[in-house]
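S.K.: The structure is given below, and queries will be raised subsequently.
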Amino acid sequence: MRCDHRSVALFACCLSIGAFAAAQSPEPMVFKPAVGTTMTHHPALPACAQLAVQEGDPSKGSSTILMKATAGCVIPWHFHTAKERLVIVSGTAKGEMRMKDMKPLTLKAGDYLVLPAKEIHQFTALTAVTLFNFTDTTFDIHYVDGAGKEIPPDQAVKTKKAK
């Protein structure tokens with residue numbers, strides 16, 4: 001039996017295209033309806049803030065987290081290892097950074113905020129707030145005192161309310 005080199009080349013090409021197409025198959029679509037989303041409390045956050053993971057696993061890598069905070073809720077001065085991207089869905093909040101010459105920001109529905117990794121900031125819900133938090137790596141929270149020294153979460157979140 002004689003081997004036709006063109007047939008072998010065509011067959012190899014078809015296999016390559018098939019393997020490439022299989023490798024390029026898209027990830028499944030993610031849809032999480034707002035109605036019926038179960039919000040839970042994260043032990044490192046004040047009780048006035050509730051979370052629901054929308055995509056990914058915040059303990060293992062990048063993720064999208066839905067957060068709801070009641071009016072007056074304060075997440076005291078803290079930082080994260082990850083860069084955060086916040087999109088305010090509803091309500092009004094105050095965002096404060098300890099960066100030099102950074103004035104407090106008033107955040108409203110539709111606003112987008114990028115918080116650099118390890119930059120100290122504080123979040124205050126002026127009204128009930130709903131937002132999405134997109135992180136580029138695992139989610140953590142490190143609270144700090146007035147001098148910027150890290151403190152335990154239970155010390156930081158002792159029923160802190162907006163003034």
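S.K.: Give the residues of segment 48-70 that are surrounded by fewer than 19 Cβ atoms within 10 Å (Cβ to Cβ), in contact with a Gly (Cβ under 8 Å, 6 or more places away or on another chain) and not β-branched (V, I, T), sorted by residue number.
M.R.: Correct list: S62 only.
S.K.: So, of the residues in segment 46-100 that are aliphatic (A, V, I, L, M) and modelled with pLDDT under 95, which turns out to be farthest from L115 (Cα to Cα)?
M.R.: The residue in question is M99.
S.K.: Is there any pair linking a residue in segment 48-63 that is free of Cβ contacts under 8 Å to residues at least 12 places away in the same chain to one that is surrounded by 15 or more Cβ atoms within 10 Å (Cβ to Cβ), with Cβ under 7 Å and at least six apart or on different chains, and which?
M.R.: Filtered contacts from segment 48-63: G56/S62; G56/S63; G56/T64; D57/S63.
S.K.: I want to confirm something. Restricting to segment 78-90 and keeping residues that are in contact with a Lys or Arg (Cβ under 8 Å, 6 or more places away or on another chain) and either among the basic types (K, R) or not in a strand (DSSP E or B) (or both), which single residue is farthest from G146 (Cα to Cα)?
M.R.: Step by step, filter segment 78-90, then rank; the result is T81.
S.K.: With the condition kept exactly as written, say whether any residue in segment 137-150 is in contact with a Gly (Cβ under 8 Å, 6 or more places away or on another chain), over 23 Å from S62 (Cα atoms) and surrounded by 15 or more Cβ atoms within 10 Å (Cβ to Cβ).
M.R.: For segment 137-150, residues in contact with a Gly (Cβ under 8 Å, 6 or more places away or on another chain), over 23 Å from S62 (Cα atoms) and surrounded by 15 or more Cβ atoms within 10 Å (Cβ to Cβ): absent.
S.K.: Just give me the residues in segment 97-141 being over 18 Å from the mean Cα position of the chain (by Cα), in a strand (DSSP E or B) and under 17 Å from A71 (Cβ atoms), in sequence order.
M.R.: T106
S.K.: Could you identify the single residue in T81, T106, T92 that is surrounded by fewer than 15 Cβ atoms within 10 Å (Cβ to Cβ) and either free of Cβ contacts under 8 Å to residues at least 12 places away in the same chain or touching a Leu at 6+ places or on another chain (Cβ under 9 Å) (or both)?
M.R.: Answer to the selection: T106.
The values are calculated or read from the model by the stated rules, or taken from the named source; none is laboratory data. This structure is a prediction, so every number in the text was calculated from the model and none was measured. All Cβ positions, even for glycine, are placed from backbone atoms using ideal geometry, and neighbour counts span all protein chains on display.
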